[in-house]
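Data block below; observations after.
Derivation of every value follows stated rules applied to the coordinates shown; laboratory data play no part. Note that the structure is a prediction, hence the values are computed from the model and not measured. Glycine also receives a Cβ, built like all others from the backbone with ideal geometry; neighbour counts cover every protein chain displayed.
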Amino acid sequence: MANGAAATLKGFLRSSFARYKMLGRFLIVGLVNTGVDFLLFLFLMRVAGVNYLVAQIVSYSFGVVNSFLMNKAWTFEDAGRTMSTPVQLVQFVALNILALSLSLIGLKTFNGYLGLNIYLSKILVTGVTWSVRYTGYRFWVFGGRRNMKGCENL
């Protein structure tokens with residue numbers, strides 16, 4: 001009986017660690033991408049004088065390639081599954097188009113209609129799109145449970 005409980009606890013701890021490790025990696029990749037996104041967004045708006053919606057499209061798109069490569073190889077440890085890469089890339093792009101659309105609607109709503117500061121609007125929109133993208137990456141693009149090393153008991 002004690003061995004069964006110990007095995008259950010061990011499995012739970014291993015799956016919990018793997019889950020939080022994955023989330024932590026996603027946050028690190030997201031911070032890098034968000035930094036690039038914000039810096040390019042600021043540059044395009046302040047230096048180049050680009051409209052905020054166009055700047056959002058360009059700056060958001062700039063991080064997508066880096067995000068795909070880092071999330072595939074590191075966050076979701078899926079680099080060895082090369083046969084699925086074209087399908088994943090299409091799914092990844094589709095999910096990012098959805099997230100970009102949500103961000104544009106959010107920016108237009110918060111800044112354009114409600115009059116919130118553009119930078120505060122960008123922060124709010126980024127929080128929403130992070131949640132959408134993490135869920136989509138984990139459960140759709142990178143295959144959810146089948147690719148989660150150490151999470152067999154989830």
**Prompt:** Residue by residue, what Karplus-based ³J(HN,Hα) values in Hz, rounded to whole numbers, does segment 44-60 have, using 6.51, -1.76 and 1.60 with θ = phi - 60° and x for Gly and Pro?
**Reply:** 4, 6, 7, 8, 8, x, 7, 4, 4, 6, 5, 4, 5, 4, 5, 5, 5
**Asked** For the modelled label position 7 Å from the Cα of I28 along Cα-to-Cβ, which residues of segment 55-79 have backbone nitrogen atoms closer than 17 Å?
**Response** 66-79
